[in-house]
Amino acid sequence: MDYKIILISLSLSIFTFFYFFFSKFGRRKSGVAARLPPGPYPLPIIGSIFKLGGKPHHSLAALSKTYGPLMSLKLGNRTTIVVSSPEIAQEFFSKHDVSFSSRSTPYAAHTHNRHKVSMVWLPVGDEWRTLRRISKEHLFSVRQLDASQLLRKKKVQQLLDFVQDCCNSGRTVNIGETAATTTLNVLSNFIFSVDLAEYDSRSSQEFKDLVWGLMVIGGTPNLADFFPVLRPLDPHGLLRKAHVYTSKILEIFERHISERLQARTTSDSPASNKDLLGLLLDISETEESSISLDVIRHLISDLFLAGTDTTSSTLEWAMAELIQNPEKMSKARSELEEVIGKEDRTIQESDISRLPYLQAVVKETLRMHPPVPFLVPHKAVTDVNVKGYLIPQDAQILCNLWAMGQDSNVWPNALQFEPERFLEVGIDYKGSNFELIPFGAGRRMCPGLPLAHRMLHLMLGSLIYKFNWKVEGGMMDMSDKFGFTLGKNIPLMAIPVKV
């Protein structure tokens, strides 16, 4: 460790000369510094790295109150632009969407060359468009989602059966872990036609730990990102950790892919599997296809990473807020009883459109606790003028959704959980209302929104319709834990009580 620190110190010392000479000289020549959006004055070499703190979404929200909703920071030798208002977000992701459609890829995402094959990190181009089209047409289209309704209904019933067992025995339920198991099995059945986890077992928690480990790495400030010259040293060991987690996840998927390939060579009807893996393998075998087995592995990885943790953490936050606000819980349950009736049936996806208060609860949860607080970082493709300021080519763009959700100028009583605020307005989270863009906006908007919409309402509605919930002592920790996604600092452990 001492040796590594010495190497880092020497590298930074050597870098000092080049930083001052080239950076300062270049600024005088181009005038870029004077035209950047306002922001804290950077320290030599390190810039404003120390201002990030352990919860950058909080720190940057506080800074935006001083420097405004369009702010620039120098983080090492990287220029970072922070967007903290709906108006500025619309400028970036609607008016100038093409110019900001690239990705700022963290060094940890270079493990297994994910930056070259992952739909999340690829720049807009032919490869990205192919993966995006496959995702939208074969996984998240209305036709495909309607065709898989029975699958989701079955998995939610298994969720309710598990909670009922806990209710009968008086056991607490880890809401986030349980939701992750349900979401994981919905995805794994759609992709592989098998369950990858079981309730009350370590299997789902182990997979969730792998996912959360990658999310933490993705949200951890990294000297290798701020100073590319340090990348060979991997000073925080984040690339090595990402390699371990990613290897374990890919090994799980590889087993299923290998078994399927073996079955296809021995089966008389290799196209008999109609799940996503079968479809992807069919596509990969066509002459004009550019989808390799390696691309398939990483596309499946993208779907699990993007879908499991974000959905489960949002449901956990929604349940926590409802338990903290019993009058809101009662109002949501009354709506469910009115629409569904008190007969012993489960919620159907067709019921969602008739449950405006439940929809408002989900929207309010996404406002207060956006699953990806900065969205996936964008990058400027070229120099762009926004509101009279220069956004330089290759600048990293962070959209602080958490700050936008806490802004009292946008949301009255912003710190209060008030689903009612969404009942009399037409605000939705489908990318056109920039006050609420938890899934992003523009061409890099999350393609999994339609599935997340159905799963969140189906699981949340089922849990509060069938059970009352309480926590021991009546109080809970509502602080957040920063990573690439925004989780609860202390998991929600709740006791189900039969309604």
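The values are calculated or read from the model by the stated rules, or taken from the named source; none is laboratory data. A quick note: this is a predicted structure, and the numbers were derived from the prediction, not measured. We place every Cβ from the backbone using ideal geometry, glycine too, and count neighbours over all the protein chains shown. Just the protein is used for accessible areas: all its heavy atoms, side chains included, with ligands, DNA and RNA removed. Shrake-Rupley method; radii C 1.70, N 1.55, O 1.52, S 1.80 Å.
Relative contact order of the chain, taken over Cα pairs closer than 8 Å and 6 or more residues apart, is 23 percent.
Placing unit charges on the Cβ atoms only, positive for Lys and Arg and negative for Asp and Glu, gives the chain a dipole magnitude near 1560 debye about its Cα centre.
Eigenvalues of the alpha-carbon gyration tensor of the range 130-183, scaled by 5 and square-rooted, set the equivalent ellipsoid semi-axes at 32, 13, 5 angstrom, largest first. The solvent-accessible area of I45, taken with every protein chain present and a 1.4 Å probe, is close to 30 Å².
Here the Debye sum runs over all C-alpha atoms of the range 138-243 as equal scatterers in vacuum, and log10 of I(q)/I(0) at q = 0.21 Å⁻¹ comes out as -1.05. Along the Cα-to-Cβ line of M493, 7 Å from the Cα, sits a label point; which residues in the range 166-202 have backbone N less than 17 Å from it? The answer is 166-167, 169-179, 200-202, whose backbone nitrogens lie closer than 17 Å to the label point. For the range 436-462 versus the range 319-394, the inter-centroid distance based on Cα atoms is 8 Å.
Taking GluC sites (Glu not before Pro) as exposed when DSSP calls them loop and at most 13 other C-beta atoms lie within 10 angstrom, the chain has its longest site-free stretch at 1-197. On the basis of the beta-carbon distance and an R0 of 45 Å, S289 and N385 show a calculated FRET efficiency of 0.65.
With the largest listed first and rounded to whole Å, the semi-axes of the equivalent ellipsoid of the range 88-143 from the Cα gyration tensor are 20, 20, 9.
Considering only S193, L151, Y107, and ranking their Cα positions along the charge dipole of the range 106-199 that arises from unit charges at the beta-carbon of Lys, Arg, Asp and Glu, the one farthest toward the positive end is Y107. Checking the Cα-Cα distances for K136/K248; K248/K466; K155/K274; K153/K363 against a 30 Å cut-off, the pairs over it are K248/K466.
Sequentially through the range 458-474, phi angles give Karplus couplings (6.51, -1.76, 1.60; θ = phi - 60°) of 5, 5, 5, x, 5, 5, 8, 6, 8, 9, 8, 9, 8, 10, 4, x, x Hz, Gly and Pro residues having no value and appearing as x. If you wrap the tightest convex hull around every Cα atom of the range 372-429 and split its volume per residue, you get 124 Å³.
Could you check what % of the DSSP bridge pairs in the chain are antiparallel, to the nearest 5? Taking every DSSP beta bridge within the chain, about 85 percent pair in antiparallel fashion. Residues whose amide H lies under 5 Å from that of M119, counting only those 5 or more places away or on a different chain, are absent; hydrogens are built 1.01 Å from N in the peptide plane. A viscosity of 1.306 mPa s and a temperature of 10 °C, combined with the Kirkwood radius over C-alpha pairs in the Stokes-Einstein formula, give the range 221-317 a diffusion coefficient of 98 µm²/s. For the range 338-405, the carbon plus sulfur part of the accessible surface works out to 47%, probe radius 1.4 Å.
Compactness ratio for the range 266-411: Cα radius of gyration over 2.2 N^0.38 Å (N = residue count) comes to 1.53.
Taking a Cβ cut-off of under 12 Å around K95, the surrounding Lys, Arg, Asp and Glu residues balance to a net charge of -2, with basic ones at +1 and acidic ones at -1. With protein chains left intact and a 1.4 Å probe, residues in the range 154-279 average 43 Å² of accessible area per residue. Taking the Cβ-Cβ separation of S350 and D195 as r and a Förster radius of 30 Å, what is the calculated FRET efficiency to the nearest 0.05? With a Förster radius of 30 Å, E is 0.75. Here the 3J(HN,Hα) profile of the range 326-335, calculated from phi with Karplus coefficients 6.51, -1.76 and 1.60 at θ = phi - 60°, is x, 5, 6, 4, 4, 5, 5, 5, 5, 5 Hz, Gly and Pro shown as x.
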